[in-house]
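What follows is a set of notes on a single structure, which appears directly below.
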Amino acid sequence: MEKAPFAVQTDESRGRFHLQAKSDDRSPYQRDRDRVVHCSAFRKLQYKTQVFVTREGDFYRTRLTHSLEVAQIARSLARALKLDEDLTECLALAHDLGHPPFGHAGERGLNEALREFGGFDHNDQSFRVVTQLEQRYAAFDGLNLTWETLEGLAKHNGPLRNPPPTIAAFDEARGLDLLSYASAEAQVAAFADDIAYNTHDLDDGLRARLFEPEDILHLPVIGELLRAAQSLTTAQNRVRHELSRAVINTLVHDALRESTRRLAALAPGCADDIRAAPAPVIGFSAEITAANRVLKKFLLERMYRHWRVNRQTHKAEHVTKTLASLLLRRPDLLPDDWRERAGQAETPQAAATVRDYVAGMTDRYALDEFSRLTDPSVPA
């Protein structure tokens with residue numbers, strides 16, 4: 001498929017930090033996507049929480065299933081807008097690689113424990129994973145992704161005026177143009193994340209009976225879509241699936257219409273025109289933006305702050321905070337290779353090591369490590 005002139009063009013890539021031979025069969029962004037899929041951090045997403053702790057049920061979303069759903073939506077949007085699909089998909093698959101166990105609850109616990117040493121930011125950790133922590137090549141650390149992929153990971157939420165440490169250091173060495181917007185591909189990946197989040201959290205909340213269908217009938221756009229789904233069947237599981245499909249369809253088509261309108265108004269001739277634009281080129285209409293705001297408020301009150309979820313998030317924060325605080329004070333409790341990296345207790349080096357160690361855990365491993373370190377009856 002011929003790409004739009006404002007899409008990221010393969011032959012104009014700024015390349016990789018470490019020189020590697022080009023592939024005859026795959027574009028640079030296909031190779032980036034494949035490297036993400038095959039890295040260990042991506043596999044671990046299978047056992048990292050989205051909202052519910054993984055042991056609560058096999059059907060709730062994990063970071064891996066979320067990333068796959070984001071990638072599917074992102075690729076569909078990219079194709080319709082004639083963008084580079086492989087770059088868009090790669091960014092969608094890689095955007096959560098830095099999430100710690102237990103999702104945002106785990107992040108809050110880590111951030112609190114490491115506050116004296118800069119805290120914790122999952123976006124910065126994702127960047128750290130792909131540029132430093134993955135060690136799959138003999139000659140260098142990281143995945144050696146293209147400049148365009150790294151730019152998209154750094155700026156997918158917009159320009160960065162106060163970048164976190166890892167991104168700031170890489171920007172100083174390589175230049176990521178942090179004060180401009182990212183490519184349209186990166187913006188699409190960010191919006192696909194928003195679409196997937198809203199849809200599957202609504203679905204998971206209904207499945208978990210944190211709220212009932214009648215509780216969302218008043219929501220703008222969502223209520224109308226629910227009534228349409230209920231007119232097709234009385235089976236609640238089928239209603240839920242019909243609703244999810246309709247929500248995704250509505251949000252995707254609205255984003256396509258609004259983004260097409262913005263692109264026509266800007267008339268960009270190349271990807272750099274997108275980066276230099278005064279505002280994002282990918283977005284929702286005013287109606288859907290307002291409806292999303294109401295939906296997010298509802299999910300915050302009825303799902304993310306539900307007493308059952310509160311109990312889980314409290315325990316999750318406690319686990320990650322305890323692990324990080326304990327290991328920061330006692331790095332001698334770390335396995336040998338990590339202990340050597342940590343050095344002296346309560347130093348920036350120890351904090352960086354503990355951050356990487358805990359953030360890389362799955363939910364299950366974090367719970368097991370918590371027991372090994374705090375329960376005398378559990379073998380070390």
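Here are the numbers:
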| read-out | value |
| --- | --- |
| Every pair of residues 6+ apart whose Cβ atoms lie under 6 Å, when the first sits in region 12-36 and is in contact (Cβ under 8 Å) with a residue 40 or more places away in the chain while the second is among the hydrophobic types (A, V, I, L, M, F, W, C) and surrounded by fewer than 17 Cβ atoms within 10 Å (Cβ to Cβ) | HIS18/PHE140 |
| Cβ pairs under 7 Å, 6+ apart, first in region 105-117 and outside the structural domain of ARG330 (by TED's automatic domain parsing), second surrounded by fewer than 19 Cβ atoms within 10 Å (Cβ to Cβ) and among the hydroxyl-bearing types (Ser, Thr, Tyr) | ALA113/SER325 |
| Test: residue in region 203-223 that is over 27 Å from ARG308 (Cα atoms) and either assigned to a helix (DSSP H, G or I) or at pLDDT 95 or above (or both) | yes |
| Criterion (within 30 Å of GLU12 (Cβ to Cβ), β-branched (Val, Ile, Thr) and either modelled with pLDDT under 95 or touching an Asp or Glu at 6+ places or on another chain (Cβ under 8 Å) (or both)) met by exactly one of THR166, THR260, THR233, THR199 | THR166 |
| Residue within region 363-379 that is surrounded by 17 or more Cβ atoms within 10 Å (Cβ to Cβ), farther than 16 Å from ASN111 by Cβ and of a type in the set (Phe, Trp, Tyr) present | yes |
| Number of the condition not met by GLN236 [criteria: (1) exposed (fewer than 15 other Cβ atoms within 10 Å of the Cβ); (2) in contact (Cβ under 8 Å) with a residue 60 or more places away in the chain] | (2) |
| Residue among ASP24, ASP11, ASP34 that is more than 24 Å from the chain's Cα centre (by Cα), surrounded by fewer than 19 Cβ atoms within 10 Å (Cβ to Cβ) and assigned to a helix (DSSP H, G or I) | ASP11 |
| Single residue of ARG26, ARG33 found to be modelled with pLDDT of 95 or more and farther than 26 Å from LEU367 by Cα | ARG33 |
| Selection status of VAL319, over 30 Å from LEU77 (Cα atoms), at pLDDT below 95, aliphatic (A, V, I, L, M) and assigned to a helix (DSSP H, G or I) | no |
| Residue in region 95-104 that is touching an Asp or Glu at 6+ places or on another chain (Cβ under 7 Å), closer than 27 Å to MET1 by Cα and in contact (Cβ under 8 Å) with a residue 12 or more places away in the chain present | yes |
| Only listed residue being touching a residue at least 12 places away in the same chain (Cβ under 8 Å) and outside any helix (DSSP H, G or I), chosen from GLN344, GLN312 | GLN344 |
| Residue list for region 67-92, filter: hydrophobic (A, V, I, L, M, F, W, C) and over 17 Å from ASP254 (Cα atoms) | LEU68, ALA71, LEU83, LEU87, CYS90, LEU91, ALA92 |
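Results for (1) surrounded by fewer than 23 Cβ atoms within 10 Å (Cβ to Cβ); (2) β-branched (Val, Ile, Thr); (3) assigned to a loop (DSSP other than H, G, I, E, B), shown as yes or no for each residue.
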{"site": "LEU64", "(1), (2), (3)": "yes, no, no"}
{"site": "SER67", "(1), (2), (3)": "no, no, no"}
{"site": "ILE73", "(1), (2), (3)": "no, yes, no"}
{"site": "ALA80", "(1), (2), (3)": "yes, no, no"}
{"site": "THR88", "(1), (2), (3)": "no, yes, no"}
{"site": "ALA92", "(1), (2), (3)": "no, no, no"}
{"site": "PRO100", "(1), (2), (3)": "no, no, yes"}
{"site": "GLY106", "(1), (2), (3)": "no, no, no"}
{"site": "LEU110", "(1), (2), (3)": "no, no, no"}
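The values are calculated or read from the model by the stated rules, or taken from the named source; none is laboratory data. Here the structure is a predicted model, which means the values were calculated and not measured. Here Cβ is always computed from backbone atoms with ideal geometry, including for glycine, and neighbour counts include all displayed protein chains.
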